[in-house]
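The values are calculated or read from the model by the stated rules, or taken from the named source; none is laboratory data. If you're wondering where the values come from, they're calculated on a predicted model, not measured in any experiment. Glycine also receives a Cβ, built like all others from the backbone with ideal geometry; neighbour counts cover every protein chain displayed.
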Amino acid sequence: MEGIFAIQQASFLTSAGMEARYPDALAHEIAIVGKSNVGKSSLINTLCNNRKLARTSQQPGKTRLINYFLINRSFYLVDLPGYGFAKASKSEQKNWGQLMEQYLSSGRVSHLFMLIDIRHDPTQDDLTMFRYLLYYGVPFTLIATKSDKLSRAQRQIMANSNAKKLGAPPYAIPFSAESGEGKAEIIKRIGDIVDLGEE
Ligand SMILES: Nc1nc2c(ncn2[C@@H]2O[C@H](COP(=O)(O)OP(=O)(O)OP(=O)(O)O)[C@@H](O)[C@H]2O)c(=O)[nH]1
Ligand SMILES: [Mg+2]
C-alpha cells in the first residue's frame, strides 16, 4: 500500500440483534467494546469525521444493537452495546450477555478496541469483559477515553496504570473525542490491522 492509511469513506450499514443477522463477513472487522457511556460511539464518529454517524448520548445504554459501519468500502467498524449501566433490567443484562457471546464466538472479529475511562479504575464489569476477550483470543488494543478530563501530564500515566489494573500489558492509547488526542495513533493502528493478512 502506498502512502499513509486514512479513513476516506464511512457509512452506516446495518444493525444486528439477537437473531445474529450479521452482514456478509469482510476480511476485517474491528469491534469496539466497553462499558456504557465510555465513548464507543463518539470514538467512531471522531475517527470517521462525522459527528452524526453513530448515535451518542449522555444517557448510558444508548447503543442496544450491534451497529455495522462500512469503512473505505472494505472493512467494518462495529459499535457494540455497552455494559454495566445501572438502569438495565435483569432480562436486558441477559440479552446483552447472549448478544456478546454470540458475536465474540462467531469468529468474525479480527480485532477489538476495548475502551476504558482514563479517570477511573476498571470496574468489575471491565474485568469480566477483559477475561472474555482473553478467553475468545481476539487481538485487542486498549484505549483510555475522555483524556481531556485529565491534565496533559497525567494522561499517559493513568492510561497505562488502568491498563495494568485490568491485567493487560500496561499500555493504553489516551483518546479524546473532544480534542482529537489519540486519533492519529488509532487510525494508524487500524491501518496496520487492515493491511495485515491482505495480499
Ligand atoms: N469530555 C468527553 N466526553 C466524551 C468523550 N467521549 C464521549 N463523551 C461523552 O460521553 C457520553 C457518552 O458517549 P457515547 O459515545 O454515547 O458512549 P457509548 O460508549 O457509545 O455509550 P453506550 O452506547 O450507552 O454504550 C456523551 O455525552 C459523550 O459526549 C470524550 O472524549 N471527552
Ligand atoms: Mg454507543
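Inside region 82-98, residues that are hydroxyl-bearing (Ser, Thr, Tyr) and crowded, with 20+ Cβ neighbours inside 10 Å make up a count of 1. For region 17-26, the condition of being at pLDDT 90 or above, away from ligand 2 (no atom under 11 Å from the Cβ) and closer than 19 Å to Tyr136 by Cα holds for at least one residue.
Just checking, does region 99-109 include any residue being surrounded by 15 or more Cβ atoms within 10 Å (Cβ to Cβ) and at positive phi? No, every residue in region 99-109 fails to be surrounded by 15 or more Cβ atoms within 10 Å (Cβ to Cβ) and at positive phi.
Annotation note: Cβ proximity below 6 Å between a residue of region 49-72 that is small (Gly, Ala, Ser) and a residue that is assigned to a strand (DSSP E or B) (sequence gap 6+ or interchain) occurs for Ala54/Asp79. Applying the condition of being surrounded by 18 or more Cβ atoms within 10 Å (Cβ to Cβ), at pLDDT 90 or above and part of a loop (DSSP other than H, G, I, E, B) to region 32-81 and asking which residue is farthest from ligand 2 (Cβ to nearest atom) yields Cys48. Within the set Leu134, Leu127, the sole residue that is without any contact (Cβ under 8 Å) to a residue 12 or more places away in the chain, exposed (fewer than 15 other Cβ atoms within 10 Å of the Cβ) and part of a helix (DSSP H, G or I) turns out to be Leu134. In region 89-109, the residues that are under 19 Å from Phe140 (Cβ atoms) and modelled with pLDDT of 90 or more form Cβ pairs under 6 Å with partners that are in a helix (DSSP H, G or I) and of a type in the set (Phe, Trp, Tyr), at six or more places apart or across chains, as follows: Leu104/Tyr136. Out of Lys87, Lys40, one residue alone is under 23 Å from Asp192 (Cα atoms) and either within 15 Å of ligand 1 (Cβ to nearest atom) or charged (D, E, K, R) (or both). It is Lys40.
Can you find a residue that is under 12 Å from the mean Cα position of the chain (by Cα) and within 15 Å of Val78 (Cα to Cα) anywhere in region 135-143? Checked region 135-143: at least one residue is under 12 Å from the mean Cα position of the chain (by Cα) and within 15 Å of Val78 (Cα to Cα). Does region 177-191 include one or more residues that are within 19 Å of Leu77 (Cβ to Cβ), more than 16 Å from ligand 1 (Cβ to nearest atom), surrounded by 19 or more Cβ atoms within 10 Å (Cβ to Cβ) and within 15 Å of the chain's Cα centre (by Cα)? Yes, there is a match, as at least one residue in region 177-191 is within 19 Å of Leu77 (Cβ to Cβ), more than 16 Å from ligand 1 (Cβ to nearest atom), surrounded by 19 or more Cβ atoms within 10 Å (Cβ to Cβ) and within 15 Å of the chain's Cα centre (by Cα).
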